[in-house]
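Reviewing the structure listed below.
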């Protein structure tokens, strides 16, 4: 991916240090945190148990000299801001408000609870921020078999896509639907939500085509396949259990990304109206 001419987004926050304790939640607070964790898939254990030490993390804007991975993330975020600002105006007649991207190391706290490198990147609708431990890029490459800069960019674009869903009202609507659903039904709703985000990621990719290099599209499609629920469960030595899926199969994830890439249209990504995922 050619990012040499792309500036770094000003919506990136760098965090360092240990995550602070969260105490005094009370029963209502604990239930709220658990509900958020169930919806987003975030590991909220550190928030519930108060683990992570007492030192509050320090947040700061990016410095002139940053880790190459942080610099990369900031430039990719710029491309999402450019693309979605244009898409919102052209297709929705609305103004796009971009999310903040928090880049952290090891552990951090969000309005949706605690997070670590083990949870993977995520979007928190409670604070309109995406969270990324850059160590996940190594996990993506070395452990998941999804290397390449465009694969890493796809991960960022996917989390931004959840913000897009929040902006257009899909995320809160699905949250309400999940509250009325059984666990299996809630998982099925989340699959549709995630596949829509993959489709939105494809829209982003189709609009940065001028920055793409040979092999970039296949890197993104390979990443989508490598993080499909069925593939991950097989990698863990399990027989895939469709009723437990929360992100979709490898084939579904790649197909919905391609749908967004080929159509470039938000309307084409409505997974909730699709008879076949």
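Laboratory data are not the source of any read-out in this text; all were calculated from the coordinates shown. Keep in mind the model is a prediction, meaning the values are calculated, not measured. Ideal geometry is used to build each Cβ from the backbone, glycine not excepted, and the neighbour counts take in all protein chains shown.
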Estimated distance in nm for a label pair at residue 127 and residue 168, the labels positioned 7 Å out from Cα along Cα-to-Cβ
2.7
Compute the label zone of residue 90 within the stretch 233-267: residues whose backbone N is under 15 Å from the point 7 Å along Cα-to-Cβ.
260-267
Say each of residue 246 and residue 232 gets a label point 7 Å from the Cα, pointing the same way as Cα to Cβ; how far apart are those two points in nm?
0.8
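Is the shape of the stretch 80-185 best called rounded, prolate or oblate, per the rule: a/c under 1.5 gives rounded, else a/b larger than b/c gives prolate, else oblate, with a ≥ b ≥ c the square roots of the Cα gyration tensor eigenvalues? If you can, show how the numbers build up before the last one.
On the way: a/c = 1.76, a/b = 1.21, b/c = 1.45.
Judged from the Cα gyration tensor, the stretch 80-185 comes out oblate (a/c at least 1.5, b/c at or above a/b).
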Residue 135 versus residue 16: modelled label distance in nm, points set 7 Å from Cα along the beta carbon direction:
1.6
